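Report on the following structure.
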Amino acid sequence: MPRIPLEDNFNDVINKSQRGLKITDEELAKRAEVSAADLAAVKAGKPIDAVVRRVARHLRLSPNALEALAHKRWYPEAPVFARGFAAFNTPHEDMTVNSYLVWDLGTRAAAAFDTGASCTAMLDIIAAEDLKLHYIFITHTHPDHIADLARLASGTGAEVWSSEQERVEHPGARYFREGAHFHLGALAIRTLLTSGHSPGQTTFVVSGLSRPLAIVGDSLFASSMGGSPTHFDEQFRNNREKILPLPDDTVLACGHGPLTTLGQEKQHNPFFAR
Ligand SMILES: [Fe+2]
């Protein structure tokens, strides 16, 4: 599988944080003691280290992690699952979107997390592994994440579930609260409300595989995070309070970009590294 690019470049991270914290360019240049021209160059993608580091400190970002990202010195080491997990990366407009499948090895009971732009590859794995899809869980209802929902649901007969705070439009869909539990053979799935990027965005914590797994939607990306400019604080707080306390070896399966682990993000994500 070709390497999936990181969702955000260093200047995207700067822009996200700056918009979220509502600091103007003028104010940022002044606080960080950099020239307007240097700030503009960095924001346009030119990695001037001294400026990147100064700006980072005023945007609550880790200077080391941001500088490493600016020079593309880091890419997550792919976490490995023996069995029972598959990731799908499908093109949607000018980007790609991820969807995931987990299953219990004993009973062959499976759950899908989002559909991506197309569920064809997922249906192939379901057939090849002789799985029975019980659930389709929706991390959030942005169109790229649920683009093939009708086909996946009708092709498998699975129940469709999303957050009661973000109700997916699908006949017969059901809605969970935060802290809901689902079971798939020996696997357990628990819901965490990690809103910000969208009102009901959910992280699904899966236990019972060979290592802990969190399907985080667009809450967090390898070396970046989600969140709209208006709900940046909410997303940041939910990530810190609900995702960061999970065990370091938890695999993070993000809505965009490569798989990562919580331990790696604590070291390399400019928003969370210290
Ligand atoms: Fe997305």
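Some points to look at:
- Condition check for A50: small (G, A, S) and either buried (at least 16 other Cβ atoms within 10 Å of the Cβ) or outside any helix (DSSP H, G or I) (or both): no
- S99 passes every criterion in (1) over 16 Å from the mean Cα position of the chain (by Cα); (2) within 16 Å of the ligand (Cβ to nearest atom) apart from (1).
- Some residue of region 159-169 being closer than 23 Å to A111 by Cβ and touching a residue at least 40 places away in the same chain (Cβ under 8 Å): yes
- From the list A121, A147, A128, A111, the lone residue that is modelled with pLDDT of 95 or more, more than 16 Å from the ligand (Cβ to nearest atom), of a type outside the set (S, T, Y) and under 24 Å from Q165 (Cβ atoms) is A111.
- Residue under evaluation E93, criteria (1) modelled with pLDDT under 95; (2) under 30 Å from H183 (Cβ atoms); (3) of a type in the set (D, E, K, R), criterion not met: (2)
- Screening D130 against (1) over 20 Å from the mean Cα position of the chain (by Cα); (2) surrounded by 15 or more Cβ atoms within 10 Å (Cβ to Cβ) leaves a single unmet condition, (2).
- For region 192-212, a residue qualifies if it is among the β-branched types (V, I, T) and either within 16 Å of the ligand (Cβ to nearest atom) or modelled with pLDDT under 95 (or both), and the qualifying residues are T194, T202, T203.
- In the set I243, I215, only one residue is touching a residue at least 24 places away in the same chain (Cβ under 8 Å) and within 16 Å of the ligand (Cβ to nearest atom); that residue is I215.
- Residue that is farthest from the ligand (Cβ to nearest atom) [pool: residues in region 223-237 that are surrounded by 24 or more Cβ atoms within 10 Å (Cβ to Cβ) and not in a strand (DSSP E or B)]: S223
- Condition check for G84: buried (at least 16 other Cβ atoms within 10 Å of the Cβ), more than 30 Å from E27 (Cα to Cα) and not β-branched (V, I, T): yes
- All positions within region 198-222 that are in a strand (DSSP E or B), out of contact with any helix residue (DSSP H, G or I) (no Cβ under 8 Å at 6 or more places or on another chain) and over 16 Å from Y175 (Cα atoms): V205, V206, S207, L213, I215, F221
- Residue match in region 55-71 (condition: β-branched (V, I, T), away from the ligand (no atom under 16 Å from the Cβ) and surrounded by 15 or more Cβ atoms within 10 Å (Cβ to Cβ)): yes
The values are calculated or read from the model by the stated rules, or taken from the named source; none is laboratory data. Remember, predicted model here, so these are calculated numbers, not experimental data. Reconstructed Cβ throughout: ideal geometry from the backbone, glycine too, with neighbour counts over all protein chains shown.
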